[in-house]
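> Starting off with a structure, shown below.
The values are calculated or read from the model by the stated rules, or taken from the named source; none is laboratory data. Just so you know, these numbers come straight off a predicted model, no measurement behind them. Glycine also receives a Cβ, built like all others from the backbone with ideal geometry; neighbour counts cover every protein chain displayed. These accessible areas exclude ligands, DNA and RNA; they are computed on the full protein's heavy atoms, side chains included. Shrake-Rupley method; radii C 1.70, N 1.55, O 1.52, S 1.80 Å.
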Amino acid sequence: MADLHQFRTAPEEPLDCIYILRCTGTDPLGSLEFSTKERKALRAKAKALGPRGEEGELISGECPLDVAHRVTFVGIGEEKNLTHSKLREALNRVMQQATKNREYQIGLGIPVSVHGLAAAESRLFALREASIADYTFDHFKSKKNEFEKIDGLHILPLAGETEKDLEERLERVRLLRTSQQLARDLGNRPSNDLNPEAFASAAKEMAEEVSGLRVTILGMKELQKEKMGGVLGVSQGSAEEPRVLVIEHRPKKPKKSVVLVGKGVTFDSGGISIKPAAGMGWMKYDMCGAGTVMGVMRAVADLDLPIKVVGLIPAVENMPSGTAIKPGDILAMSNGKTVEVDNTDAEGRLILADILHYSARFNPDIVIDYATLTGACVVALGHEAAGMMGNDQELLDTLRKLGEEVGERVWPMPLYEEYLSYLKSDWADLKNAGSRWGGAVTAGTFLQQFVPEKVKWAHLDVAGVAYNEKEHNGLPKGASGFGVVLTVAFLEHLLK
Ligand code: BES
Ligand code: MN
Ligand code: ZN
């Protein structure tokens, strides 16, 4: 991805193009910092080119300033309608256009704010999205995508934004981008490349790259010792052994203790209750929750947050075979409860149950899990928000508010006591799937049975937001890295 710079320190050579985002009915240069002379020249240019700021508009001309060859005005519609998605789409359009025109050094002015968002929050969002707008995954292509060839992205300062202010913001954005990129790359890797063992290697590699992370991998022996019947059961149909990744950040004087759990099904065929062929390939994304946890752990280490944060990732493959679990089988979970496997495709909750129970040994105040858990959640919320359940209203309210700020929305769903009856088994303590109805909340209710006592817990069902089947809201096709930014914001909020 393009290197991020300040426009103030732009290279001696003129930039190929300066892009300026603008809304309808406003000054085309808005709050961008320019000298009176520059402002006058650019205004005159804007007038001559006649951009009106309408959504989708892209109008270019020769740049009247020496610092660049061309200037392009990017319309984004009315400011009062400017959402996170629309701003992200516009930034994506900038990158597409620059690629098409083979502009390798570009300037970017964003004198607009997401409607209803505090100016500083909006600025950070825009910079974050600009920095990752040219993300693409071409690791397996012999001929690499053109898209990522933009070399330098030079951000124009806003009036009153000092060099130091902007540098601090860019520094933060670079850090978060690395984490988001990690989460996306992991999500996009196919299952023959990213199997449970490779996931363990990815965690170890990450720990070598940053300082302050300790990675421990639990293999068959340890999982048997812990009696993790869910993890062992789900993986027993696959040729790949399961792994549980324990990634620890332990600062000297931690102010809080948080465990993050991520569903890491590197491929979900459904098992014996096999999924239909059409679209099954999407199930390489069934480890996106785990990808988010990896990304967050990396950011936590980079920021050296004074919070004890432990990432727990059960990594398994769900496959049908002669050794696979079958509907009707009864598994004994690590907390002693027994579960009748009603449907082998409800595997996420089986592995998460063991890990939620395991989280107790890290004495967390808060546990958050991230899982592409149910199709039902996608039916309910589409691709616009993750489903959120949990046992502590304050925790849920905080996540919801922060999610709205950073542009990663989470929406509450209930965990009524009555849902537990949907999971009643005739033969075991619990079965792993209810009827068709309430698919997202019965999954949440199942997980709740394994959450350690006195722990504040939130479950994020990210099935609809963790990846996109096509470009959506300015997000690329494939993994989105959803939850990385939200979780870092949440952890920092705990320190306030
Ligand atoms: N990984 C799937 C859920 C999923 C569906 C994620 C679509 C992303 C997109 C999960 O393991 C699953 O198969 N859930 C079943 C549960 C059912 C059998 C109770 C589902 O949602 O159909
Ligand atoms: Mn499944
Ligand atoms: Zn799954």
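> Residues being buried (at least 17 other Cβ atoms within 10 Å of the Cβ) and basic (Lys, Arg): count how many of those fall in segment 1-44.
Residues in segment 1-44 being buried (at least 17 other Cβ atoms within 10 Å of the Cβ) and basic (Lys, Arg): 1 in total.
> So, one more: Is it fair to say ALA183 is in contact with a strand residue (DSSP E or B) (Cβ under 6 Å, 6 or more places away or on another chain) and either closer than 20 Å to LEU4 by Cβ or outside any strand (DSSP E or B) (or both)? Outline the logic, then answer.
Numbers: in contact with a strand residue (DSSP E or B) (Cβ under 6 Å, 6 or more places away or on another chain): no; either closer than 20 Å to LEU4 by Cβ or outside any strand (DSSP E or B) (or both): yes.
It is false that ALA183 is in contact with a strand residue (DSSP E or B) (Cβ under 6 Å, 6 or more places away or on another chain) and either closer than 20 Å to LEU4 by Cβ or outside any strand (DSSP E or B) (or both).
Condition check ((1) free of Cβ contacts under 8 Å to residues at least 12 places away in the same chain; (2) within 28 Å of ARG250 (Cα to Cα)) across all residues:
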site	(1), (2)
PRO276	yes, no
TRP282	no, no
MET297	no, yes
THR323	no, no
ASP345	no, no
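> Also, I was wondering about something else. Tally the residues that are open to solvent by 60 Å² or more (accessible area, probe 1.4 Å) and not in a strand (DSSP E or B), restricting the search to segment 45-66.
Qualifying residue count, segment 45-66: 6.
> A follow-up question, please. Of the residues VAL451, VAL465, VAL488, only one is more than 16 Å from the chain's Cα centre (by Cα) and crowded, with 16+ Cβ neighbours inside 10 Å; which?
Matching residue, one of VAL451, VAL465, VAL488: VAL451.
> Examine segment 400-414 for a residue that is over 30 Å from ILE132 (Cα atoms) and open to solvent by 20 Å² or more (accessible area, probe 1.4 Å), and state whether such a residue exists. Walk me through how you get there before you give the answer.
The initial filter retains those residues of segment 400-414 that are over 30 Å from ILE132 (Cα atoms), namely 413-414.
Subset that is open to solvent by 20 Å² or more (accessible area, probe 1.4 Å): 413-414.
Checked segment 400-414: at least one residue is over 30 Å from ILE132 (Cα atoms) and open to solvent by 20 Å² or more (accessible area, probe 1.4 Å).
> Further question on the same structure: Take the residues in segment 115-129 that are surrounded by 19 or more Cβ atoms within 10 Å (Cβ to Cβ) and touching a residue at least 40 places away in the same chain (Cβ under 8 Å); name whichever of them is nearest to ALA68 (Cα to Cα).
Of all residues in segment 115-129, those surrounded by 19 or more Cβ atoms within 10 Å (Cβ to Cβ) come to 117, 122-129.
Now drop any that are not touching a residue at least 40 places away in the same chain (Cβ under 8 Å), which leaves 117, 123-125, 127-129.
Numbers: LEU117: 31, ARG123: 23, LEU124: 25, PHE125: 26, LEU127: 21, ARG128: 23, GLU129: 23 Å.
Only one residue tops the list, namely LEU127.
> Do any residues in segment 448-475 that are within 16 Å of ligand 2 (Cβ to nearest atom) have Cβ atoms under 6 Å from those of residues that are open to solvent by 50 Å² or more (accessible area, probe 1.4 Å) and of a type outside the set (Lys, Arg), where the two are at least six apart or on different chains, and which pairs are they?
Qualifying pairs under 6 Å: GLY464/HIS383.
> Being assigned to a loop (DSSP other than H, G, I, E, B), of a type in the set (D, E, K, R) and away from ligand 2 (no atom under 16 Å from the Cβ) narrows it down to one residue among GLU384, GLU394; which is it? Write out each step before concluding.
Values: GLU394 fails: assigned to a loop (DSSP other than H, G, I, E, B).
Criteria check complete, one pass: GLU384.
> Does GLU408 satisfy being assigned to a loop (DSSP other than H, G, I, E, B), within 24 Å of the chain's Cα centre (by Cα) and in contact (Cβ under 8 Å) with a residue 12 or more places away in the chain? Walk me through it before giving the result.
Numbers: assigned to a loop (DSSP other than H, G, I, E, B): yes; within 24 Å of the chain's Cα centre (by Cα): yes; in contact (Cβ under 8 Å) with a residue 12 or more places away in the chain: yes.
Yes.
> Sticking with this structure for a sec: In segment 356-364, is there at least one residue being touching a helix residue (DSSP H, G or I) at 6+ places or on another chain (Cβ under 8 Å), at pLDDT 95 or above and within 13 Å of ligand 1 (Cβ to nearest atom)?
Looking through segment 356-364, none of the residues is touching a helix residue (DSSP H, G or I) at 6+ places or on another chain (Cβ under 8 Å), at pLDDT 95 or above and within 13 Å of ligand 1 (Cβ to nearest atom).
> Go through the residues of segment 318-336 one by one and say whether even a single one is at pLDDT 95 or above, among the charged types (D, E, K, R) and under 22 Å from the mean Cα position of the chain (by Cα).
Taking segment 318-336 as the starting set, the residues that turn out to be at pLDDT 95 or above are 318-336.
Pick out the ones that are also among the charged types (D, E, K, R) and you get 326, 329.
Of the ones still in play, those that are also under 22 Å from the mean Cα position of the chain (by Cα) are none.
Scanning segment 318-336 turns up no residue that is at pLDDT 95 or above, among the charged types (D, E, K, R) and under 22 Å from the mean Cα position of the chain (by Cα).
> What residue, among those in segment 243-257 that are under 11 Å from ARG214 (Cβ atoms) and either open to solvent by less than 30 Å² (accessible area, probe 1.4 Å) or modelled with pLDDT under 95 (or both), is nearest to the chain's Cα centre (by Cα)? Write out each step before concluding.
Residues of segment 243-257 that are under 11 Å from ARG214 (Cβ atoms), as a first pass: 246-250.
Subset that is either open to solvent by less than 30 Å² (accessible area, probe 1.4 Å) or modelled with pLDDT under 95 (or both): 246-249.
Values: VAL246: 20, ILE247: 18, GLU248: 20, HIS249: 20 Å.
The extreme case among them is ILE247.
> Give the number of residues within segment 320-363 that are within 16 Å of ligand 2 (Cβ to nearest atom), among the small types (Gly, Ala, Ser) and assigned to a helix (DSSP H, G or I).
Count: 2.
> Which members of segment 266-317 meet the condition of being within 12 Å of ligand 2 (Cβ to nearest atom) and assigned to a strand (DSSP E or B)?
PHE267, ASP268, VAL316, GLU317
> Scan LEU29, LEU4, LEU42 and give me the residue that is assigned to a helix (DSSP H, G or I) and at negative phi.
Details: LEU29 fails: assigned to a helix (DSSP H, G or I); LEU4 fails: assigned to a helix (DSSP H, G or I).
Result: LEU42 is the single residue among LEU29, LEU4, LEU42 that is assigned to a helix (DSSP H, G or I) and at negative phi.
> Also, I was wondering about something else. Being closer than 29 Å to GLY403 by Cα and outside any helix (DSSP H, G or I) is the filter here; which residues of segment 67-81 pass it?
As a first pass, look at segment 67-81 and keep what is closer than 29 Å to GLY403 by Cα: 74-81.
Correct list: VAL74, GLY75, ILE76, GLY77, GLU78.
> Which ones in segment 82-102 are touching a Cys at 6+ places or on another chain (Cβ under 9 Å) and outside any loop (DSSP other than H, G, I, E, B)?
Going residue by residue through segment 82-102, those that are touching a Cys at 6+ places or on another chain (Cβ under 9 Å) are 82, 97-98, 101.
Within segment 82-102, GLN97, ALA98 meet the criteria.
> Considering segment 364-378 alone, what residues qualify as being outside any strand (DSSP E or B) and more than 15 Å from ligand 2 (Cβ to nearest atom)?
We begin by selecting, within segment 364-378, every residue outside any strand (DSSP E or B); these are 364-365, 372-378.
Within segment 364-378, PRO364, ASP365 qualify.
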